[in-house]
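Every read-out reported here was derived from the displayed coordinates using simple, explicitly stated rules and does not represent laboratory data. Note that the structure is a prediction, hence the values are computed from the model and not measured. All Cβ positions, even for glycine, are placed from backbone atoms using ideal geometry, and neighbour counts span all protein chains on display.
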Amino acid sequence: MNKMRSILILAAAVLFAFSFKTPENQTKTNTPVISQVKWLQWDEAIEKSTLEKKKFFIHMYSSDCEWSKHMDETTFQDEEIVQYLNSNFYPIKMDIKSQESIKFNDQVYKSTKEGDVTYHELVLAITNGDLTTPAFAFLDEDKKLIQSLQGYKNTESFEKIMTYIGGNHFKKKPWTSYQSEYIPLQPAKIYYKE
């Protein structure tokens, strides 16, 4: 009798648990659904820029670079950074070893190999010859280089750099002044999918 009662209670508990549906894209622990950087290909970004003027942000990485992967898992998962990049830039993600030919500013760039090193000519052009990854470049609305940077950037340092350029502060004040006066972005609203 007790065994039968235990089985019935267990069956009822299982049915009860499965009677609730978890919405798609939401975990059972109500983890928020975080938006992601809307990475574009070069041609997509160039095409979009003909309709709406924005600056360009280029994230250059190497698939074998641990710091590039770490930045993807940390800095580019931060909600404020995601929203700011998507709103103020055309974000482009580019493998420095890409085999794709890219037409940019009336010039065609392609993959090249020197000895054991394979790299994309465009990466070399916009990083002033430095193939260190991760690397970043900010271009203005007319596709002219504003700044290129190399090396891992944590959330705090990247946010300062991104807003300095995105908000055109680089035109008005030196980096050291901006950095010392910087007020972090307000926490982004996190929405749960229903």
| remark: Where a ≥ b ≥ c are root eigenvalues of the Cα gyration tensor, a/c under 1.5 meaning rounded, otherwise prolate if a/b exceeds b/c and oblate otherwise, the stretch 135-183 counts as oblate
| Alpha-carbon Debye profile of the stretch 55-107, log10 I(q)/I(0) at 0.15, 0.23, 0.25, 0.27 Å⁻¹ | -0.51, -0.98, -1.06, -1.12
| note | For Lys160, counting only aspartates and glutamates whose alpha-carbon sits under 13 Å away and dropping same-chain residues fewer than eight positions off, the answer is Glu80, Glu181
| Peptides 104-112, 74-82: what's the order by average Cβ count within 10 Å, highest mean first? | 74-82, 104-112
